[in-house]
Amino acid sequence: ETLDTTELAVDWIIGANLNWRTNIYRTKFSNQIAYSAANANLSANIYTLTTQGLETELLFGYAGWRGFVNYSYAKRVDEEILDSFIAASPDKLTWDPSSRFKFGVIYTAGPVVSALTGYYQSSTNRRSTDVGLQPIPLMAGATLDVDAYRARSLDAWFTLDAKVTWNFTSDSSVAAYATNLLDTDKNKLIKTQAFPFDYQGEGRKYGLVVRTRF
């Protein structure tokens, strides 16, 4: 497998506390290697994909505040399929969200540091060989209706994480944190091809961390 990419990047330092970075790209991933249902689940070259898009990020800081906001967009523009168990989708991005957005902010007030991070991804499309009645690999003549186990596409989702740290001495701190603060259950990652599941992210979780150095 080989990867060829062309990128144009701009880094604009607007001021001492503000920096804006952007790049556009076109990438061709040739003969990507993965487990192949058409090849007895052994590694094989499964496809060649051409994708283009952009990534942009704003970095800022002022007084006790520091943070970032970034966004990425990807579009499938061509592909060549080498595996008979994978349907072509030459002009529609599949198996990955086309848009991602993330932000993070940190505020420092003396010994207390507070942080908040948010992540969003758009809906994720499947290929036609991932939905409906599909043959089961390595089981001749057997089929499975995968729609009975998972949706035909993954919904967009957003998660929020937070953390507050108190550095009560130079060598000791205590921190309280929460991940998936909104307790979304849509935070799934896609399982490619015709399998009856996706990867479910964690629900809301709280924690307390005490650190000390002797």
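FYI, it's all coordinate maths here, none of it is from the lab. Just so we're clear, the structure is a prediction, and the values are computed from it rather than from any experiment. Backbone-built Cβ (ideal geometry, glycine too); neighbour counts: all protein chains shown.
Residues in the range 83-92 carry Karplus couplings, in order, of 10, 5, 8, 10, 7, 6, 8, x, 10, 9 Hz; the curve used is 6.51 cos²θ - 1.76 cosθ + 1.60 with θ = phi - 60°, and Gly or Pro positions show x.
The dipole here belongs to the chain: it is taken about the Cα centre, uses +1 on the Cβ of Lys and Arg and -1 on the Cβ of Asp and Glu, and is about 620 debye. Placing unit charges on each Cβ (+1 for Lys and Arg, -1 for Asp and Glu) gives the chain a dipole about its Cα centre, and among A63, L181, T94 the Cα reaching farthest toward its positive end belongs to A63. Based on C-alpha pairs under 8 angstrom that are at least 6 apart in sequence, the chain has a relative contact order of 13 percent.
Over the range 108-147, Cα pairs under 8 Å with separation of 6+ residues give a relative contact order of 27 percent. Annotation for the range 1-86: GluC sites (Glu not before Pro) lying in DSSP loop with at most 13 further Cβ atoms inside 10 Å of their Cβ are E1.
Backbone amide hydrogens, once placed in the peptide plane, bring R204 within less than 5 Å of D183, excluding anything fewer than 5 places away on its chain. Rounded to whole numbers, the Karplus 3J(HN,Hα) couplings from phi for the range 136-145 are 8, x, 6, 10, 4, x, 8, 10, 9, 8 Hz, using 6.51 cos²θ - 1.76 cosθ + 1.60 with θ = phi - 60°, and x at Gly and Pro.
Extension gain for S114 to T56 (0.36 nm times residue separation, less C-alpha to C-alpha distance): 18.4 nm. Compared with the alpha-carbon gap, the fully stretched path from A142 to E1 is longer by 47.6 nm at 0.36 nm per residue.
Our coupling estimate for the range 105-119, obtained by passing each phi through the Karplus curve with A = 6.51, B = -1.76, C = 1.60 and θ = phi - 60°, is 9, 10, 10, 10, 10, x, x, 9, 10, 10, 9, 9, 10, x, 9 Hz, Gly and Pro reported as x.
Note on the chain: with a GNM built from Cα contacts shorter than 10 Å, the maximum mean-square fluctuation among T143, T159, T94 falls on T143.
Find out how many positive minus negative residues lie around D91, taking Lys and Arg as positive, Asp and Glu as negative, among other residues whose Cβ is under 10 Å from that of D91.
+1
Compared with the alpha-carbon gap, the fully stretched path from L8 to S43 is longer by 9.2 nm at 0.36 nm per residue.
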